[in-house]
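The values are calculated or read from the model by the stated rules, or taken from the named source; none is laboratory data. Keep in mind that this is a model prediction, so the values were computed, not measured. Cβ sites come from the backbone with ideal geometry, for glycine too, and all protein chains shown count toward neighbours.
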Amino acid sequence: MLSDKIRRLAERYLRNVRPSGEGNLRAECPFHKSKSASRSLYVTKEGSWTCFSCHAGGSVYHLLYKLGLSGERVQQEIGELRLPPPLPELAQRKLEGKQGWEWHVLPEYVLGAYNQCPLKMLDLGFSEDILQEMFIGYDASRDRITFPIRDYLGRLVGISGRAYDDWVEPRYYVYEKEFHDIVPGYTGANRKHLYAFDRIYAARFFADEGARPPLVIVEGYKGCLWCIEHGFPHTVALQGSTLTKQQERLITRLRGPYYVLLDHEPGKGVYFPDPDKNRRCSAIRIAQRLSRSGRAYVCLYPDGSPEGTSPDDLDTTHLSAAVTNAKTIGQLATLPGVAWTRRSRRRSTP
C-alpha cells in the first residue's frame, strides 16, 4: 500500500514518526527547533506534508529537496514509492481516445538544465529563498525564466518559460518537444493543474476552519510568488485568466473561502469604469463557479490603479487591502455604476 511506503520513507528521513489516524502520520519537524517541533509536522498517506509551527509544507518532493537530497536521489526515492498515475488507467484511455492527449510525469533531473537564478526576478523584488523553494530557473538558450508545474502530489508534469523581457512574444512557452527523448510522446498539460497547489494541499487538508489563511487565486506565476511572499501563503495560479474544469475540481478540494485576484484589466478583474458593460468579467465568472462549493470573493484593486496592474505591482499594504476589501457577487451588484439583471447576472449600465 502507498501509505506503508510513505511511512517507511518518513521513518528513513524524519524523527519520532507515529500514526495520526486514517493512514496519516505525525513527526518531528526537521526545519525548526522548538518544543513544538516534535509534534507539529503532519504527513498525509499520499506524501503531502505541512508543519503547523514553522508553516513549511509541500509535496514529498519538496520534503526530500529541503532535506538536501539531489535531484537524482529524489527521483530514486520517488520511483520506489510507485505513486499512482495522474489519472486512472481507464479514464486516461478515454481521454486519449476522445481528446487525443495525455500528460506524463517528467523526471526531476530535467530541472538541472535550468539551474540558474533569474537575476531579473531578484531585481523585481523577489527573494532568493522563494525562487529556490519553488525551483524557479533560467533557460539561457531561450532567454526565459522557467517555472516547474506540478500535480497535486508534487510530481513534475510540465515546465513553462516566461520571456525574460516583457516585450518578447510569445510571452509564455510550454516546453514539450524538449522532453520527447526522455518521455516518449510527452505532452504538456499545464492548464489541467494549478501552479503552487501541491505546496498547500496538506496544510488545508489538516487545518481547522478558523486556522486556514485566505485561499487567493491569481492568474500568473509572478503574482502567485509575490502573494506568497507578502502575507498570503495559500495562493495558487491559474496560468491564465479562465478556470478550467480540472482546475475547478482541484480548487474545490481545498476548503474556502476563495479570493479571486486577477490582473486589473478590462474583461479580467473588476474594472471601473469597465468598457464592456454587456458581459461579466473573468473574475466574476470564476467566483460564481466557485461559490457553488464555498464562499467566494472578488478582490478589488486600490482606486486609481492603472490598467495592467497585477498583484506583483502592489506593495504589502495595498495587496492586503485588495484581499481585505474583497466583495461577494451580491456585494458587487450594489457598487456604484454596476447593475445586474436577475436572470443573466450580466453587468449593465444603470
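Listed values, structure above:
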{"item": "Residue check, Pro213 free of Cβ contacts under 8 Å to residues at least 24 places away in the same chain and either within 19 Å of Ala283 (Cα to Cα) or outside the structural domain of Gly23 (by TED's automatic domain parsing) (or both)", "result": "yes"}
{"item": "Filter pass, Glu176 being surrounded by fewer than 17 Cβ atoms within 10 Å (Cβ to Cβ), closer than 27 Å to Ser127 by Cα and not assigned by TED's automatic domain parsing to the domain that holds Leu261", "result": "no"}
{"item": "Of all residues making up the stretch 54-69, the number that are surrounded by fewer than 21 Cβ atoms within 10 Å (Cβ to Cβ) and modelled with pLDDT under 80", "result": "2"}
{"item": "Close pairs from the stretch 291-307: first in the same structural domain as Tyr259 (by TED's automatic domain parsing) and surrounded by 14 or more Cβ atoms within 10 Å (Cβ to Cβ), partner of a type in the set (D, E, K, R) and modelled with pLDDT of 90 or more, Cβ under 7 Å, at least 6 apart", "result": "Tyr297/Lys327; Val298/Lys327; Leu300/Lys327"}
{"item": "Residues of the stretch 122-156 satisfying the condition of being assigned to a loop (DSSP other than H, G, I, E, B) and at negative phi", "result": "Leu124, Phe126, Ser127, Met134, Ile136, Ala140, Ser141, Arg142, Asp151, Tyr152, Leu153, Arg155"}
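So that you can scan it fast, the table gives a plain yes or no per residue for (1) in a loop (DSSP other than H, G, I, E, B); (2) on the phi > 0 side of the Ramachandran plot; (3) not assigned by TED's automatic domain parsing to the domain that holds Phe135:
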| residue | (1), (2), (3) |
| --- | --- |
| Ala27 | no, no, yes |
| His32 | yes, no, yes |
| Lys45 | yes, no, yes |
| Thr50 | no, no, yes |
| Cys54 | yes, no, yes |
| Tyr61 | no, no, yes |
| Leu64 | no, no, yes |
| Gly68 | yes, yes, yes |
| Gln75 | no, no, yes |
